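Have a look at the structure below, then the notes.
The values are calculated or read from the model by the stated rules, or taken from the named source; none is laboratory data. Just so you know, these numbers come straight off a predicted model, no measurement behind them. Reconstructed Cβ throughout: ideal geometry from the backbone, glycine too, with neighbour counts over all protein chains shown. Calculation scope for accessible area: heavy atoms of the full protein, side chains included, ligands and nucleic acids excluded. Shrake-Rupley method; radii C 1.70, N 1.55, O 1.52, S 1.80 Å.
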Amino acid sequence: MIFQKGKKDNYDSVKSPTSLFCEYVSNPLGVDVIRPRFSWELEHSERGQLQSAYQVLVASSQKNLDAENGDKWDSGKVASEESINVIYAGSALKSEKTYYWKIRIWEKDEKMSPWSKVATFEMGLLNPDDWRGRWIEGKSHGESTSSDPVHGTTKMPYGYLLRKEFSIEKDIAQARVYVSGLGYYEMRINGNKIGDFVLDPGWTDYKKRVLYSTYDVSKYVKKGKNVVGIILGNGRHIEAYGYGPPKTILQLNIEFTDGVSKNIVTDESWKSASGPILSNDIYNGETYDARLERPGWDTPLYDDSDWDGAKIADEPGGKLVSQASFPPIKVTKIIQPIEITSPNPDVYVYDFGQNFTGWVRLCLSGPRDTTVKLRYAELLHEDGMINVVPNRGAKATDTYILKGEEEEVYEPRFTYHGFRYVEVTGFPGTPTLENIEGRVVHSAVEPTGGFICSNSLINSIHKNVLWGQLSNLMSVPTDCPQRNERMGWMGDAQLVTEEAIYNFQMAGFYTKWLEDIGDSQAEDGSVPDVVPPYWSHYPADPVWGTACVVIPWYLYQYYGDKRVLEKCYSGIKRWVEFLAGKATDYILSYSKYGDWCPPAHIKPVDTPGELTSAWYYYHDTLILSKIAHILGKSAEAKRYSQLSSKIKEAFNKKFLKDDHYATGSQTSNVLPLFLDMVPEDKKEAVLKNLIDDIVVTHGAHLNTGIVGTRYILDVLTKYGQADLAYKLATQTTYPGWGYMLREGATTLWERWEYLADGGMNSHNHIMFGSIDAWFYKVLAGINIDPAGPGFGRIIIKPYVVGNLNYVSASIRTMRGMISSSWKKSDHSLALNISLPVNTQAKVSVPKMKLGNVTIKESGKAVWENSSYIEGIAGITGASEDEEYVTFEVGSGLYSFELLKGKS
Ligand code: BGC
């Protein structure tokens, strides 16, 4: 150890690190990464602070850690700026063990911080042998059917119950459960539901990987008799996809205060019986017959002598993998209906005023045998009845049969719906607004972004994007939540990855999905359109397949996650090689969907599929070469960089005409402009062609499908047309986001048109949601700087456009909160910035065409007469161009003020 213990005189202004994360989670349980990574945040009252060194201690007990004995790992003082994703390098970590860690840092001037508070991480079951139980199944007492557009009709067994009684004689120190149940399970101990996860575990290809959850159940297991119960449902573990019937595996580890431990595991000694959940299906809903409940079945007082024995089930085949870093699905919010109507006698329709994902909780009383039906829909017909046509084959109906008690409360367990309206029939009496509440359900990703500005239309688009994004995070990124699809369509996901990352902590979510993508990659290197490949669509359209390239790339850029690049590298390479094998003369032409869903169409009409495919071939090869470079694979970096140059050349040769690409459609021009593929002498002409098409041909409207839409605002901004981008973003006539709002949208639609029939017209698709990233990047100006991945380096460059008077945004990054807020007045602009410790930024203050400007920071001039004035803490330099004065800035809070002329 190089440092001296307790050098307190150094502690003055240096605060101890906070927000300790292990594998992106605070104090995770069930970690199964052999070398977990640590991250922390730093705080300081002074500006311009960087970490110069750190020391991590990891101990096998709190006592050791308190004694500063890192018996598992003592990193020593490591001279490094790294404060995110620092890799554990101690001795081997053991299954089920809890480890304690803390961190201290040294500042740039060698001052040392106090130790952080202690954080923990607990390992999961690292080896297959650690699982002492077997997969078991019980007997289902009936079945229903379900259907989807690809597999047709399939059988769906009824839900059922499994239970196991056991006795504990000694005092319990702690208890953990490791559990999975396919497709879905609910676990109960002594009458309590364990944990707040729902629709668990996350979807995977169960033949490759099965996720398990870890719960701390110390307070549920008691001395004396105990019961652990499992309710099983179908989820995605169904015959049509090559799985099914339901099965479960569980291991309850109980440690006693005397150091001895005991395992309760799934085996043939478990009992099984039918329960109240009959049909249960993601698409069709759930039928719950409360008369069939078995009161007390999950408590020790219950007599299970008439139950069947459980059977050992076939193993699903996939490796058991922990969900420790993967955000589980939860009920994240409860919302109340805003209106109830009765369009027909005995038909009641609730309106929640918001399209969302989940279900309702019904609270009622009535005679036994009464059957209440809840049907879910996104839309209403003119007559006020619900319009279920857009649900297509999904019946989206929950049925509850009353047992006849004083108060009955029901909510489904093994289904979910995408809806704004709920129709209630069969209700005993007249329902009121109080009988139902909405349960908002999705992968519980941590919100990290905030955005507000002076234009309420933009704020509403932002709000719709947030609802749409969350509705489509259901353990995989889905296309929609209401009809019989809800698949992990890769195109939809890749187009909004940046948006999702600005708004939510997505690292754990995408890391898991990248594993799913890896699992789905075929021998020939192709990936499918849909992951997990419940629908086996190989090979992916290049616009869809690019997800396997783009998502790791963003995880690296936004979270500094290099490990994900290492893990995905060979898969990305195989995908690019697959594309190379399909290309002729460097042009990749196969296309299935291309610039999907442009105005008035589903399939692209103006933009050739060949162009989008050829462009993504270039795009993926280029990114691959950059990743190879980052990973130090210089020969491959060179090879793919050369290949990308050839693709670019071929692309221009084939598609570039005098002043436009291909058909001159907006997307055709936008794509090459986005990646700087246009030869210098043609740039202006191509840009003009694009602008003319937007302004003259389409009256200031976009004419793009999902691909062009993803890039058009960025391209216009990049080429000096931010005001036009703003015009498109705020356009209220068709087609545009504002038009959707005008037509009453509360989420984003699949199509630019308002459609209410049974075609492709989901009212809750996220694929046009990329606009929201533009709000953060351009209006608020918060950007990553490739020079410092994971926001080590930051670019703040707001655009003061259109009628905007103020914008305020923040994002919680791995290093802490970044915020940027500006407010415009007649001849001045105030820009407030906050940058976390251990970051550096280029902050560009817009000159707003004021000519000679003065810029003050916290009241002191820092720029005057085109010159930088030294002496302001945290600011180390400045330069100007036509539009901006750009400052080199260290961490801290800054208040810039732009004024016309001299101060
Ligand atoms: C989905 C889309 C998806 C598309 C592929 C649709 O049915 O809803 O969002 O990307 O198919 O063509």
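Per residue of the stretch 110-117, in order, report the coupling 6.51 cos²θ - 1.76 cosθ + 1.60 (Karplus, θ = phi - 60°) as ³J(HN,Hα) in whole Hz, putting x for Gly and Pro.
Once θ is set to phi - 60°, the couplings for the stretch 110-117 become 6, 6, 9, 8, x, 5, 6, 5 Hz.
Pairwise over distinct Cα atoms, reciprocal of the mean inverse distance: report the Kirkwood radius of the chain in Å, one decimal place.
Kirkwood radius, the chain: 29.5 Å.
Carbon and sulfur: what percent of the stretch 298-435's accessible surface (1.4 Å probe)?
47 percent
Applying the Karplus parametrisation 6.51 cos²θ - 1.76 cosθ + 1.60 with θ = phi - 60° to the phi angles of the stretch 153-168, what ³J(HN,Hα) value in whole Hz is obtained for each residue in order, glycine and proline being reported as x?
So the J values, rounded to whole Hz, are 8, 9, 7, 10, x, 5, x, 8, 10, 10, 9, 8, 9, 8, 10, 10.
How many Å³ per residue does the convex hull of the Cα positions in the stretch 639-781 occupy?
For the stretch 639-781, the hull spanned by Cα atoms encloses 137 Å³ per residue.
For the stretch 819-860, what is the convex hull (Cα atoms) projected area averaged across all directions, in square nanometres?
Seen from a random direction, the Cα hull of the stretch 819-860 projects 3.6 nm² on average.
When the convex hull of the C-alpha atoms of the stretch 461-576 is computed, what volume per residue in Å³ does it have?
Dividing the Cα hull volume of the stretch 461-576 by its residues yields 93 Å³.
Using Cα-Cα distances under 8 Å and only pairs 6 or more residues apart, what relative contact order does the stretch 57-105 have, in percent?
48 percent.
Normalising by the residue count of the chain, find the relative contact order in percent from Cα pairs under 8 Å and 6+ residues apart.
This gives 10 percent for the chain.
Note the direction-averaged projected area, equal to a quarter of the hull surface, for the Cα convex hull of the stretch 561-660, in nm².
Mean shadow area of the hull around the Cα atoms is 7.7 nm².
What residues qualify as long-range amide H neighbours of Val441, i.e. H under 5 Å apart, gap of 5 or more or another chain, H built at 1.01 Å from N?
When sequence neighbours closer than 5 places are left aside, the close amide H contacts are Thr332, Thr357, Gly358, Trp359.
Skip the ligands, DNA and RNA, and give the accessible area per residue of the stretch 660-785 with a 1.4 Å probe, whole Å².
In whole numbers, the stretch 660-785 has 28 Å² accessible per residue.
Quick query: amide H of Gly353 versus all other amide H atoms, modeled in the peptide plane; which residues come in under 5 Å with a sequence gap of 5 or more or a different chain?
Ile338
With every protein chain kept in the model, how would you rank Ser808, Ser305, Ser825 by accessible area, 1.4 Å probe, largest at the top?
Descending accessible area places them as Ser305, Ser825, Ser808.
If you place +1 on the Cβ of every Lys and Arg and -1 on the Cβ of every Asp and Glu, how big does the dipole about the Cα centre of the chain come out, in debye to the nearest 20?
Roughly 1820 debye, rounded to the nearest 20.
How large is ³J(HN,Hα) for each residue in the stretch 456-462, as worked out from phi by the Karplus curve 6.51 cos²θ - 1.76 cosθ + 1.60 (θ = phi - 60°), to whole Hz, x for Gly and Pro?
Ordered by residue, 3J(HN,Hα) equals 5, 5, 5, 4, 6, 4, 4 Hz.
For Gln62 and Asp129, compute 0.36 nm times the residue count separating them, minus their Cα-Cα distance, and round to one decimal in nm.
21.3 nm
For the stretch 776-903, with all protein chains present and a 1.4 Å probe, just round the carbon and sulfur fraction of the accessible area to a whole percent.
48 percent
What dipole magnitude, in Debye to the nearest 20, does the stretch 420-486 give about its Cα centre under +1 on Lys/Arg Cβ and -1 on Asp/Glu Cβ?
It comes to approximately 120 debye.
Tell me, in nm to one decimal, what length is gained between Asp723 and Ser19 on full extension, where the rule is 0.36 nm per residue of separation less the Cα-Cα distance?
Contour length minus Cα-Cα distance gives 249.5 nm.
Using the charge dipole of the chain (Lys, Arg: +1 at Cβ; Asp, Glu: -1 at Cβ; taken about the Cα centre), state which of Gly488, Thr120, Ala377 has its Cα farthest towards the positive end.
Selected residue: Thr120.
Hey, what number do you get for the chain at 222 nm if only DSSP H runs of n ≥ 4 count, each worth -39500 (n - 2.57), divided across all residues, to the nearest 500?
Calculated mean residue ellipticity at 222 nm is -6500 deg cm²/dmol.
Can you work out the accessible area per residue across the stretch 394-464, with the rest of the protein chains kept in place, probe 1.4 Å, in square angstrom?
Here the per-residue accessible area is 34 Å².
Would you mind calculating the relative contact order of the stretch 578-689 from Cα pairs under 8 angstrom and at least 6 residues apart, reporting the percent as a whole number?
Normalised by residue count, the contact order of the stretch 578-689 is 23 percent.
Taking every pair of distinct Cα atoms and averaging 1/r, then inverting, what Kirkwood hydrodynamic radius in Å comes out for the stretch 253-364?
Computed over the stretch 253-364, the radius equals 19.8 Å.
With label points built 7 Å along Cα→Cβ from the Cα atoms of Ile338 and Asn852, find their separation and express it in nm.
Here the answer is 5.4 nm between the modelled labels.
Can you list the aspartates and glutamates whose alpha carbon sits under 16 Å from that of Lys633, skipping same-chain ones fewer than 8 residues off?
Glu566
Give me the compactness ratio for the stretch 228-296, meaning the Cα radius of gyration over 2.2 N^0.38 Å.
1.48
Once you've got the Cα coordinates, tell me which of Lys108/Lys842; Lys225/Lys373; Lys463/Lys856; Lys139/Lys193; Lys15/Lys72; Lys567/Lys718 are over 27 Å apart.
Lys225/Lys373; Lys463/Lys856; Lys567/Lys718
Can you compute the charge dipole magnitude of the stretch 310-397 about its Cα centre, using +1 on each Lys and Arg Cβ and -1 on each Asp and Glu Cβ, nothing else charged? Give it in debye, rounded to the nearest 20.
So the dipole magnitude of the stretch 310-397 works out to roughly 460 debye.
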